[in-house]
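See structure below.
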Amino acid sequence: MHTETIAIHAGNHTDEGTRAVIQPIVLSSTFERDANGEYPKGYIYGRAKNPNRSALENVLAKLEQGIDAAAFSSGNAAGMAVFQSLKTGTHIIAPDDMYHGLRNQLKTLFAGILEFDFIDETNLELVKQTIKHNTGLIWIETPSNPLLKVSDIGSLVQIAHEHNIKVVCDNTFATPICQLPLTLGADLVMHSTTKYFGGHSDLTGGVLITSKTDEWWERIRQVQEMGGAIPSPMDCYWLTRSIKTLPYRMRGHVHNAHLLAQFLESHAKVESVMYPGLESHPQHELAQKQMLSFGGMLSFLVKGDVNDTAKVINAVKLFTQATSLGGVESLIEHRALVEGPDTKTPKNLLRVSVGLEHIDDLIEDLSNALSVI
Ligand SMILES: *Cc1c(COP(=O)(O)O)cnc(C)c1O
């Protein structure tokens, strides 16, 4: 089946009791035993399993072309489940511009428990040199945040698997509509479903999706069930509902982002634009090869200093100045200020989550904002 069809049907079960077309929300935290003391439907207790969560996990697994998925209450909880599933002392290789929330999680909560190196994973030689006897995981995030760097999933998988190292790919920026890391050999895909899957900036969630149900996956299921960082039935329902339109929303995001990137690239007050779909992107060829389409995120450098950049962002009217991404409304963010004093992000960088408004309105708003400097 095709993606559009999966998105609509794989997360829904017509209710046998009432014949309700849309699967009901099951809020019950506990389920009744039968006379033998068994649970004939497989549901025992809400933390372990819930019908809305099962439906959500099914559609997420199918969209990524995986075989199973585990849903969490946030993207960070999904990432944490991976780190908690590793043996103490495992060495992780992660990108130098890894999502700052997960990078901080490693540095703060896993210091002394796991080892890690944050490096430029677009440099495959450097990745090889960083592998140690205890390296157990290569964490990939591509396109990266906020520089939109593209790293080579297939080559990283090859290097990792030659050394018996697992690969997890944070696919939040791309979504399975734009990139399928499991088909390129990754062992797990991770998402913040808060972003494009939710798509309306009104819930938080995360997921891990696997290509095989091995011992490691069993361990991750244990972290999910025993740790209990699970999404509520309501959140599972809203997410499943949003996912039905994901393929169509992504088309709109990609269309608008590409046109906005081209507009910005030709603008006199813009130093450069980072969007994998532009020929000027340093890894454009690789992006063409490994991505199905180029996503809805872009960053650009204002021709000016930190103050000019602040002037531009304060002059936008239609874009909302806020963190996060993937919603129907366009957001813009002065990233260096969000990431704090130790960030390497350029001070004149603005990151844009291109929404689904009309492209002419988006261009007009940024055009007006850039005219103030
Ligand atoms: C937002 C985000 C996360 C973390 O997800 P939360 O839902 O905020 O916990 C991880 N990776 C990327 C790329 C993100 O954008």
Can you find a residue in segment 66-79 that is of a type outside the set (Phe, Trp, Tyr), part of a strand (DSSP E or B), touching a residue at least 24 places away in the same chain (Cβ under 8 Å) and in contact with a Gly (Cβ under 7 Å, 6 or more places away or on another chain)? yes
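If only one of Gly75, Gly66 is away from the ligand (no atom under 15 Å from the Cβ) and under 13 Å from Val207 (Cα atoms), which one is it?
Working: Gly75 fails: away from the ligand (no atom under 15 Å from the Cβ).
From the options Gly75, Gly66, the qualifying one is Gly66.
From the list Val354, Val338, Val372, exactly one residue is over 21 Å from Gly277 (Cα atoms), out of contact with any Lys or Arg (no Cβ under 8 Å at 6 or more places or on another chain) and β-branched (Val, Ile, Thr). Which is it?
Numbers: Val354 fails: over 21 Å from Gly277 (Cα atoms); Val372 fails: out of contact with any Lys or Arg (no Cβ under 8 Å at 6 or more places or on another chain).
Testing whether each residue is over 21 Å from Gly277 (Cα atoms), out of contact with any Lys or Arg (no Cβ under 8 Å at 6 or more places or on another chain) and β-branched (Val, Ile, Thr) leaves just Val338.
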When segment 183-225 is checked residue by residue, the ones that are over 22 Å from Cys236 (Cβ atoms) and aliphatic (A, V, I, L, M) are Leu184, Ala186
Members of segment 323-348 that are under 25 Å from Pro247 (Cβ atoms) and out of contact with any Phe, Trp or Tyr (no Cβ under 7 Å at 6 or more places or on another chain): Ser324, Leu325, Gly327, Val328, Glu329
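For segment 1-39, what are the residues that are of a type outside the set (A, V, I, L, M), closer than 28 Å to Arg249 by Cα and in a loop (DSSP other than H, G, I, E, B)? Talk me through it step by step, then tell me what you get.
Applying the first criterion (of a type outside the set (A, V, I, L, M)) to segment 1-39 yields 2-5, 9, 11-19, 23-24, 28-34, 36-39.
Filter again for closer than 28 Å to Arg249 by Cα, leaving 2-5, 9, 11-15, 23-24.
Hits for segment 1-39 are His2, Gly11, Asn12, His13, Thr14, Asp15, Gln23, Pro24.
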Could you check segment 288-311 and list, in sequence order, the residues that are over 16 Å from the mean Cα position of the chain (by Cα) and aromatic (Phe, Trp, Tyr)? Phe300
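Specify which of the listed residues (Ala310, Ala261) is farther than 26 Å from Thr193 by Cα and not assigned by TED's automatic domain parsing to the domain that holds Leu182.
On the way: Ala261 fails: farther than 26 Å from Thr193 by Cα.
Among Ala310, Ala261, only Ala310 is farther than 26 Å from Thr193 by Cα and not assigned by TED's automatic domain parsing to the domain that holds Leu182.
Among the candidates Glu218, Glu285, Glu225, which residue alone is of a type in the set (Asp, Glu) and not assigned by TED's automatic domain parsing to the domain that holds Gly46?
Details: Glu218 fails: not assigned by TED's automatic domain parsing to the domain that holds Gly46; Glu225 fails: not assigned by TED's automatic domain parsing to the domain that holds Gly46.
Being of a type in the set (Asp, Glu) and not assigned by TED's automatic domain parsing to the domain that holds Gly46 holds for just one of Glu218, Glu285, Glu225, which is Glu285.
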Mind checking whether some residue in segment 228-239 is buried (at least 19 other Cβ atoms within 10 Å of the Cβ) and outside the structural domain of Val59 (by TED's automatic domain parsing)? no
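So, restricting to strands (runs of 3 or more DSSP E) that lie completely within segment 249-340, which ones have at least 3 residues that are touching a residue at least 60 places away in the same chain (Cβ under 8 Å)?
Numbers: elements: 270-274, 297-302, 331-334.
Those strands (runs of 3 or more DSSP E) span 270-274, 297-302.
Which of the helices (runs of 4 or more DSSP H) contained wholly in segment 120-214 include at least 1 residues that are within 16 Å of the ligand (Cβ to nearest atom)?
Numbers: elements: 124-130, 153-162, 175-178.
So the answer is 153-162, 175-178.
Give the residue, chosen from Thr18, Thr30, Thr90, Thr14, that is away from the ligand (no atom under 16 Å from the Cβ), in the same structural domain as Ser144 (by TED's automatic domain parsing), hydroxyl-bearing (Ser, Thr, Tyr) and closer than 28 Å to Asp152 by Cα.
Numbers: Thr18 fails: closer than 28 Å to Asp152 by Cα; Thr30 fails: closer than 28 Å to Asp152 by Cα; Thr14 fails: closer than 28 Å to Asp152 by Cα.
Going through Thr18, Thr30, Thr90, Thr14 in turn, just one is away from the ligand (no atom under 16 Å from the Cβ), in the same structural domain as Ser144 (by TED's automatic domain parsing), hydroxyl-bearing (Ser, Thr, Tyr) and closer than 28 Å to Asp152 by Cα: Thr90.
Residue-by-condition table, conditions (1) more than 26 Å from Arg221 (Cα to Cα); (2) hydrophobic (A, V, I, L, M, F, W, C); (3) not assigned by TED's automatic domain parsing to the domain that holds Gly66:
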position: Gly136; (1), (2), (3): no, no, no
position: Thr142; (1), (2), (3): no, no, no
position: Pro146; (1), (2), (3): yes, no, no
position: Ile165; (1), (2), (3): no, yes, no
position: Thr175; (1), (2), (3): no, no, no
position: Leu188; (1), (2), (3): no, yes, no
position: Thr193; (1), (2), (3): no, no, no
position: Phe197; (1), (2), (3): no, yes, no
position: Gly206; (1), (2), (3): no, no, no
Are there any pairs with C-beta distances below 8 angstrom linking a residue in segment 133-144 that is under 17 Å from Gln84 (Cα atoms) to a residue that is acidic (Asp, Glu) and within 16 Å of the ligand (Cβ to nearest atom), with the two at least 6 apart or on different chains, and if so which? Ile138/Glu121; Trp139/Asp170
Quick check: anything in segment 233-254 within 16 Å of the ligand (Cβ to nearest atom), over 30 Å from Ser28 (Cβ atoms) and out of contact with any Phe, Trp or Tyr (no Cβ under 7 Å at 6 or more places or on another chain)? yes
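The values are calculated or read from the model by the stated rules, or taken from the named source; none is laboratory data. Computed from a prediction, not measured in an experiment: that's the story for all the values here. Here the Cβ is made from the backbone with ideal geometry for all residues, glycine too, and neighbour counts use every protein chain on show.
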